[in-house]
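Novice: Supplied in structure tokens, the structure appears directly below.
The values are calculated or read from the model by the stated rules, or taken from the named source; none is laboratory data. Note that the structure is predicted; figures quoted are calculated from it, not measured. Glycine also receives a Cβ, built like all others from the backbone with ideal geometry; neighbour counts cover every protein chain displayed.
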Amino acid sequence: MSTLYDFALRMGDSTLILGHRVSEWCGHAPVLEEDIALANTALDLIGQTQLWLGLAAEEEGTGKTADDLAFLRDAWDFRNALLTELPNGDFGRTLMRQYLFDQWHLLMLQALQGSSEKRVSDIADKAVKEVSYHVERSRDTVIGLGDGTPESHKRMQDALEYLYPYVGELFTPDAVDEAATHEGIAPDLASLRAAYDAAVADTMAEATLTLPDSRFGHKGGRTGKMHTEHLGHILTQMQWLQRAYPGASW
Amino acid sequence: MSKEWPLWEIFVRGQHGLSHRHVGSLHAPDAEMAIKNARDVYTRRNEGQSIWVVEAAHISASSPSDKGPLYEPSESKVYRHPTFFDIPEDVGAM
């Protein structure tokens, strides 16, 4: 399969799985305003998924659609970053996960706007506007809760320590990423790290939170080598209808 | 300190040239978040060009019991309406 296929799959699977995770809050968020905001974010991510997986399906060229890729693959075929499949935890942890992803997502999309592949830069142009807002919102909430009450501060510090070991994967290229960089499709992942670190350090300082010292990073999601045990559980929910009623449509 | 976020009144301008119009209210911890929440609650379907938020506590309202002194004196003064002019047809609808 082509580098473009692999690349689009990785982008689309991350937005799909995170979009699904965030949608789990629908009807459960602590206040109505946050409920709507989270649902909007989830919908933005699912919308981007249609574009990325649509591109992957087109590149695969066997007549599959974005829906086929989303609903008819098993866990070992998914290429999302591990960070996106981690459980929501409490509201604070969900927003911390969102911020850590959004900040990477924004830098990635800004770089992809300069992609040599027009279909990739077109998707990035559209998505970057949505993601600029996502990061503004998640950043403010991380700061508000981090620099909030002793209880919210503790929960946000716990969330940061739990999630931070999953950040490294976003910046660790493998052979597919190197090929994508070589072909001008995508930036060198490692080159995004300095800007990411600066932005995250700034946010955490304002949130009075302490970044963990260790740079250890779990990986295996984007390569498909090893997902966490959580992905299978997401798929049982997300894919249930198509599995039980194959080909069902509206 | 109250644990509830304060209530904000939201005004959205739909198009350039129009006035901001009251669209509803929501809760938020501060003005910045009120604008963000307003964006998510009231402008999802491309309704807005500009958002104003004001804390509901800062709005002063007229009292319904003052209705008489406030509004009734104008009821008997029809000459305040510009209805006594002949409008040339060329002008069209006004």
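Novice: Which of the following residues is out of contact with any Leu (no Cβ under 6 Å at 6 or more places or on another chain), within 14 Å of chain B (Cβ to nearest Cβ) and over 30 Å from B:K3 (Cβ atoms): A:D13, A:D44, A:D67, A:D35? Talk me through it step by step, then tell me what you get.
Specialist: On the way: A:D13 fails: within 14 Å of chain B (Cβ to nearest Cβ); A:D67 fails: within 14 Å of chain B (Cβ to nearest Cβ); A:D35 fails: over 30 Å from B:K3 (Cβ atoms).
Criteria check complete, one pass: A:D44.
Novice: Restricting the search to the stretch A:59-76, which residues are within 15 Å of A:I46 (Cα to Cα), part of a helix (DSSP H, G or I) and of a type outside the set (D, E)? Walk me through it before giving the result.
Specialist: Taking the stretch A:59-76 first, the residues within 15 Å of A:I46 (Cα to Cα) are A:65-71.
Subsequent filtering for residues that are part of a helix (DSSP H, G or I) retains A:66-71.
The answer is A:A66, A:L69, A:A70, A:F71.
Novice: Just one of the numbered conditions (1) touching a His at 6+ places or on another chain (Cβ under 9 Å); (2) more than 14 Å from every other protein chain (Cβ to nearest Cβ); (3) farther than 21 Å from A:T210 by Cβ is not true of A:H134; which one?
Specialist: (2)
Novice: Read through the list (1) away from every other protein chain (no Cβ under 14 Å); (2) touching a helix residue (DSSP H, G or I) at 6+ places or on another chain (Cβ under 9 Å), then give the number of the only condition that A:A194 fails.
Specialist: (2)
Novice: Separate question: State yes or no: is A:A56 part of a helix (DSSP H, G or I), touching a Phe, Trp or Tyr at 6+ places or on another chain (Cβ under 7 Å) and either within 14 Å of chain B (Cβ to nearest Cβ) or not polar (S, T, N, Q) (or both)?
Specialist: yes
Novice: May I ask you to verify whether A:D122 is away from chain B (no Cβ under 14 Å) and either among the basic types (K, R) or over 16 Å from the mean Cα position of the chain (by Cα) (or both)?
Specialist: On the way: away from chain B (no Cβ under 14 Å): yes; either among the basic types (K, R) or over 16 Å from the mean Cα position of the chain (by Cα) (or both): yes.
Yes: the conditions hold for A:D122.
Novice: For the stretch B:49-87, give me the residue count where each residue is modelled with pLDDT under 80 and under 21 Å from B:K36 (Cα atoms).
Specialist: 0
Novice: Among the residues in the stretch A:153-174, are any assigned to a helix (DSSP H, G or I), without any contact (Cβ under 8 Å) to a residue 12 or more places away in the chain and aromatic (F, W, Y)?
Specialist: no
Novice: Further, regarding this structure: Quick check on the stretch A:16-32: of everything there that is away from chain B (no Cβ under 14 Å) and not in a helix (DSSP H, G or I), which residue is modelled with the highest pLDDT?
Specialist: Just the residues of the stretch A:16-32 that are away from chain B (no Cβ under 14 Å), to begin with: A:16-21, A:23-24, A:27-28.
Filter once more, so that each one left must be not in a helix (DSSP H, G or I): A:24, A:27-28.
On the way: A:E24: 97, A:G27: 94, A:H28: 94.
That would be A:E24.
Novice: Mind checking which residues of the stretch B:36-51 are of a type outside the set (K, R) and either crowded, with 16+ Cβ neighbours inside 10 Å or in contact with an Asp or Glu (Cβ under 8 Å, 6 or more places away or on another chain) (or both)? Show your work before the answer.
Specialist: From the stretch B:36-51, those of a type outside the set (K, R) are B:37-38, B:40-43, B:46-51; that's our starting set.
B:N37, B:A38, B:D40, B:V41, B:Y42, B:T43, B:G48, B:I51, listed by residue number.
Novice: What residue, among those in the stretch A:175-214 that are among the charged types (D, E, K, R) and at pLDDT 95 or above, is farthest from A:S138 (Cα to Cα)? Walk me through how you get there before you give the answer.
Specialist: Applying the first criterion (among the charged types (D, E, K, R)) to the stretch A:175-214 yields A:177-178, A:183, A:188, A:193, A:197, A:202, A:206, A:213.
Next cut, at pLDDT 95 or above only: A:177-178, A:183, A:188, A:193, A:197, A:202, A:206.
Numbers: A:D177: 27, A:E178: 30, A:E183: 33, A:D188: 25, A:R193: 19, A:D197: 16, A:D202: 14, A:E206: 13 Å.
Out of the qualifying residues, it is A:E183.
Novice: Further question: Of the residues that sit in the stretch B:52-93 and are under 23 Å from the mean Cα position of the chain (by Cα) and hydrophobic (A, V, I, L, M, F, W, C), which one is surrounded by the fewest Cβ atoms within 10 Å (Cβ to Cβ)?
Specialist: Per the stated criteria, the residue is B:A61.
Novice: Can you pull out every residue in the stretch A:196-225 that is farther than 15 Å from A:T172 by Cα and under 18 Å from the mean Cα position of the chain (by Cα)? Before you say what the answer is, go through the steps one by one.
Specialist: Taking the stretch A:196-225 as the starting set, the residues that turn out to be farther than 15 Å from A:T172 by Cα are A:198-214.
Within the stretch A:196-225, A:A199, A:V200 meet the criteria.
Novice: Related question: Residue by residue through the stretch A:16-32, note down the ones that are buried (at least 20 other Cβ atoms within 10 Å of the Cβ) and out of contact with any Leu (no Cβ under 6 Å at 6 or more places or on another chain).
Specialist: A:L16, A:I17, A:H20, A:R21
Novice: Could I ask something else about it? Output the strands (runs of 3 or more DSSP E) that fall wholly within chain B and possess 1 or more residues being free of Cβ contacts under 8 Å to residues at least 24 places away in the same chain and more than 11 Å from every other protein chain (Cβ to nearest Cβ), or say none. Steps first, answer last, please.
Specialist: On the way: elements: B:7-13, B:21-27, B:50-55.
By residue number, B:21-27.
Novice: Would you check which residues across the stretch A:194-235 are in contact with a Gly (Cβ under 9 Å, 6 or more places away or on another chain), of a type outside the set (S, T, N, Q) and either under 24 Å from A:D125 (Cβ atoms) or not in a loop (DSSP other than H, G, I, E, B) (or both) and list them? I'd like the intermediate steps shown before the answer.
Specialist: Filtering the stretch A:194-235 for residues in contact with a Gly (Cβ under 9 Å, 6 or more places away or on another chain) gives A:203-204, A:206-209, A:215-219, A:226-228, A:231.
Still in the running and of a type outside the set (S, T, N, Q): A:204, A:206-207, A:209, A:215-219, A:226-227, A:231.
Of everything in the stretch A:194-235, those that are in contact with a Gly (Cβ under 9 Å, 6 or more places away or on another chain), of a type outside the set (S, T, N, Q) and either under 24 Å from A:D125 (Cβ atoms) or not in a loop (DSSP other than H, G, I, E, B) (or both) turn out to be A:M204, A:E206, A:L231.
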